[in-house]
Structure formats: C-alpha cells, structure tokens
1. Look at residue 102 and say whether it is closer than 30 Å to residue 381 by Cβ and either within 11 Å of the ligand (Cβ to nearest atom) or touching a residue at least 40 places away in the same chain (Cβ under 8 Å) (or both).
2. Quick check: is even one residue across the stretch 357-364 within 30 Å of residue 326 (Cα to Cα), of a type in the set (Asp, Glu) and assigned by TED's automatic domain parsing to the domain that holds residue 76?
3. Taking the condition among the β-branched types (Val, Ile, Thr) and under 24 Å from residue 51 (Cα atoms), does residue 215 pass?
4. From 14, 28, which residue is in contact (Cβ under 8 Å) with a residue 40 or more places away in the chain, out of contact with any Gly (no Cβ under 8 Å at 6 or more places or on another chain) and either of a type outside the set (Gly, Ala, Ser) or assigned by TED's automatic domain parsing to the domain that holds residue 385 (or both)?
5. Report yes if residue 267 is over 23 Å from the mean Cα position of the chain (by Cα) and touching a residue at least 40 places away in the same chain (Cβ under 8 Å), otherwise no.
6. Tell me, which strands (runs of 3 or more DSSP E) lie completely within the stretch 297-351 with 1 or more residues that are within 11 Å of the ligand (Cβ to nearest atom)?
7. Show the residue pairs that are 6+ apart or on different chains and have beta-carbon atoms under 9 Å apart, the first residue being within the stretch 141-157 and within 20 Å of residue 284 (Cα to Cα) and touching a residue at least 12 places away in the same chain (Cβ under 8 Å), the second being in a helix (DSSP H, G or I) and more than 11 Å from the ligand (Cβ to nearest atom).
8. For the stretch 227-240, indicate whether the set of residues that are surrounded by 15 or more Cβ atoms within 10 Å (Cβ to Cβ), within 21 Å of residue 152 (Cα to Cα) and assigned by TED's automatic domain parsing to the domain that holds residue 160 is non-empty.
Amino acid sequence: MSHAIAIVGSGPSAFYALDGLARAVPDAAIDLFDRLPTPYGLVRSGVAPDHQGTKAVARQFERLAQKPNVRFLGNVEIGRDVSLAELRDIYDAVIIATGAAADRKLGIAGEDLPGVYRSWPVVGWYNGHPDFAELDFKLRGPAVAVIGNGNVAIDLVRVLAKTAEEMKASDLCDHAARVIHAAPLTDIYMIGRRGPVEASFTSAELAELGHLARVRPVVEGAEIPPASGIADAGAAKIKDKNLEILRSFATLSAHDKPITLHLLFNATPMAFEGKVQLEGLVLRDSLGQRQWTLPVQTAITAIGYRSLPLAGAAFDQPGGRFVNDGGEIERGLYVVGWARRGPSGVIATNRADSLAVAEKVAAFVRTQPEKGGAQQRIDALLTAAGVSRTDFAAWLRLNQSEVAAGASVGRPRIKLAAWSELRRFC
Ligand code: NAP
C-alpha cells in the first residue's frame, strides 16, 4: 500500500510536479490524466513546429512517465467522465495542471466576423491538436494582422511567413502547410497597443524575425529609444536587447523580399469591420489623437489566455485562474503551472513552481492515512462509465509511427491530428 496522487493534465507543469513527487514521495502511485490520448500538453500542441529544440524536453517527460509507479490515463476528461469530487474521494491528493486553454477576448465590435481568429485554435490547428484539425482556417490575403506583442504573436507571424523550405525540418501539420504556403501574403502586421519597451516578446524570438527568407521587418508607430530607462538592471538588459534588435531591422537590406512585416506599436484595436467577412481593422494611436482603418483580410488575436474552471475548485473568474495560496487550493487539492499563476513564462519556468508545490503535496500526504485501492477504484469507475481510456504504451506506439513517417521524408515526425486517426492507435 502507498499513497495515491492524481495529476489532472499532462503538460510541462504536470510532468515537473511528477518529477517533484517522484523525489519527495518515491513510493506514491501517481496517475496522470489527460482529456487527449496524447501527453505533453503545449509541448506537443503549443510550442511552434519549427522550435524542435524546445520540444526535446518531451524525452525527459517520457522517462518520468515510464516509472513503474506512474500511469498515464488518456482520453479521460475530469469534470466530464469523472468529477473532481470523485477524484478527491479516491486519491490522497489531487493536483490540477490544466494550463490555460481559452483565449482572452478583445471585447470589440466585429470579433466574430469570418476572418477573425483567436490564437489558441490556430496554433492548435497547425500543431495537430485534434480539437482543431477540422478548423476552417482561411488565410486570406494579401494583408494579415496578428494582434499582441508576446511570443505567441511572434510564433504566429513566423509560422505564417516562413517558406515551405524553411519549415521542412519542422512538424508543421500537412493540412496547415497546404493552406499557409499557398496564401498570397504581401503584408503582415504585428500590432502592439503599447511601445517597444513594453512589448513582452523575448529577444531570441524577436531576432528570428530578421532572418526569414521572404520577410522584411519594419518598425512603425514608435521611435526606438536608445535605452529602456528601466531601473531594474536585469529587466533593463532584456529590454535593451530587444531595442537593439529592433534598431538593427532598419539596417537590413531586404527590400526585394515579398512580405513586409510591419511591427506596429502604440496601436489599439478598436473594431473589426466588414460586411460579410473581415475587410479592415480600426486602430487608434496611444494618445487617442488618430484613428484609422488598416485593410486586412485575416486577423488573429494573440492577447493571452485564461484557464478553464473545474467544478469543485475555487476559481478567480476575472483573473482566469484557480484561487490558491502558493499552489494550495485547499487541503488535499493543489494547482500548478498556468492554471496556478496565469499564462506567463517559458516551459522551464514551470519547473521550480511545480517542484515547490510537489513538496507541499508530499508534506500533506505524509500526515494522512493512506486511503488505499485508488487505482482499482478509478479503473472500475471509468469502466462503469464506458470511458475507453488509453495508456502510455498506446502513446508510444503512436509516437513511433509518427516519427517513422517523418523519417521517411527527412522530418521530425508527421503528426496524426484528427480524432479518427488518433483513435486507430489510442
Ligand atoms: P503575453 O506575453 O502576455 O502577450 C500578450 C500580448 O497581448 C501583450 O503584448 C499584451 O499587451 C497584448 N494584449 C493583451 N490585451 C490586449 C488588448 N486588449 N489589446 C491589444 N493587445 C492586448 O502572452 P502570450 O504571447 O500569449 O504568451 C504567453 C506565455 O507563453 C508568455 O510567457 C510567453 O513568453 C510564453 N511563450 C514563449 C514562447 C517561447 O519561448 N518561444 C513561445 C510562445 C509563448 P500589454 O502588454 O499591453 O498588455
């Protein structure tokens, strides 16, 4: 007999929590639930397909998932197939690691016009998330607006702008490659409502925009100051690097490139316009002195995410995340990652966060008598509910098949995206 702990979600924050638990309570039985048959959350369906180095963290997660006291239960949605209350009754502790799976809304007129998309479905579509494999994403040109000045906006710009040749070592889904590489784009606008110093993108990601085969980046709507003027030396260093890169764009001799990337600062979206589909984006400058309409045929908002609530766990609706005190929602119920602190930081940011919460979970279960029989009880409950759950062995078979298909054409993998295709394996 040993304690049993459930982790809801199997993205990076879940795996780092698993890592922490494996050290702090090595004899605990840990069940990792995911509503998808595939593990790794944003590593599979969020990280850009041309950032394969970032995705390599999955190898570390794979080793953790194969520990004898760990199980992966895919195709199980907590809140639909099993309630959180049932899970808490069965396990000695439960950790919510469900990320932030809903886009924030701009809340302006025309947001539901055809041609206006949100980043979560589009990123999921090109990355093989089964919920979005059938998304009818029409990349109408010649002008596209990507709204937001974070790294998700940069990912979108880069994936839409790169050529097929530039994406050949990526795992961009074939259905997305067909649409993206046929689109007649001449102008991409990346729109920030504030200035270059306030932009939240990071330097490495920004610098990539200066090295794209068919893109000429130009800065508009702002002077680039010589220095950020931020008091904190660490933060100033990062911002100053961004400013240096933005200045360097002016020196690029790239006038023959077919796509102009307008890095447009100090422009607040006011409305999307169009009779039957998107025709223009109304913008206002930061001083409120000028309003104008940018003719764009496709727009994607990339303005941050919110977590989805789960019945039985306190949720901060305005903040879009679970109410918690250092990761504890209440005794026996914990939260990690974006679901805990909001959608910020890179994958590795979750490590320290999840390890600290895992320590708390371990300290809690050590004081509790073991409930016992958790795995038999959850298995019986899922069987009775008619849930056909999948396991890690099924994922490994799918993974092997995707990698083999990719190897035959010199790519890291060819993803299976549609639910019907995934079900053949899982
Ligand atoms: P983010 O960094 O918070 O950026 C959101 C952007 O949306 C900001 O520029 C924000 O501007 C803007 N915004 C918010 N509300 C808006 C509104 N109403 N109108 C206009 N603009 C608005 O979020 P993200 O890009 O979704 O990224 C989430 C996290 O994932 C970040 O920590 C990011 O670094 C990380 N990530 C990392 C990578 C990578 O490492 N390569 C790739 C993708 C994502 P304000 O600043 O003015 O609010």
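The values are calculated or read from the model by the stated rules, or taken from the named source; none is laboratory data. As the structure is a computational prediction, the values presented were derived from the model and not from experiment. A quick note on method: Cβ atoms are made from the backbone with ideal geometry, for glycine too, and the neighbour counts reach across all protein chains shown.
1. Details: closer than 30 Å to residue 381 by Cβ: yes; either within 11 Å of the ligand (Cβ to nearest atom) or touching a residue at least 40 places away in the same chain (Cβ under 8 Å) (or both): yes.
For residue 102, the condition - closer than 30 Å to residue 381 by Cβ and either within 11 Å of the ligand (Cβ to nearest atom) or touching a residue at least 40 places away in the same chain (Cβ under 8 Å) (or both) - is met.
2. Within the stretch 357-364 (the criterion being within 30 Å of residue 326 (Cα to Cα), of a type in the set (Asp, Glu) and assigned by TED's automatic domain parsing to the domain that holds residue 76), the answer is yes, since at least one residue qualifies.
3. On the way: among the β-branched types (Val, Ile, Thr): yes; under 24 Å from residue 51 (Cα atoms): yes.
Spelling it out, residue 215 is indeed among the β-branched types (Val, Ile, Thr) and under 24 Å from residue 51 (Cα atoms).
4. Numbers: 14 fails: out of contact with any Gly (no Cβ under 8 Å at 6 or more places or on another chain).
Going through 14, 28 in turn, just one is in contact (Cβ under 8 Å) with a residue 40 or more places away in the chain, out of contact with any Gly (no Cβ under 8 Å at 6 or more places or on another chain) and either of a type outside the set (Gly, Ala, Ser) or assigned by TED's automatic domain parsing to the domain that holds residue 385 (or both): 28.
5. Numbers: over 23 Å from the mean Cα position of the chain (by Cα): yes; touching a residue at least 40 places away in the same chain (Cβ under 8 Å): yes.
It is true that residue 267 is over 23 Å from the mean Cα position of the chain (by Cα) and touching a residue at least 40 places away in the same chain (Cβ under 8 Å).
6. Numbers: elements: 298-301, 328-330, 333-335.
In the stretch 297-351, 298-301 are the strands (runs of 3 or more DSSP E) which contain 1 or more residues that are within 11 Å of the ligand (Cβ to nearest atom).
7. Close Cβ pairs satisfying both conditions: 144/157; 144/160; 146/157; 146/160.
8. At the first step, the residues of the stretch 227-240 found to be surrounded by 15 or more Cβ atoms within 10 Å (Cβ to Cβ) are 228, 236, 239-240.
From the residues that got through so far, the ones that are within 21 Å of residue 152 (Cα to Cα) too are 239-240.
Applying the additional criterion that residues be assigned by TED's automatic domain parsing to the domain that holds residue 160 yields 239-240.
Yes, the stretch 227-240 has at least one match.
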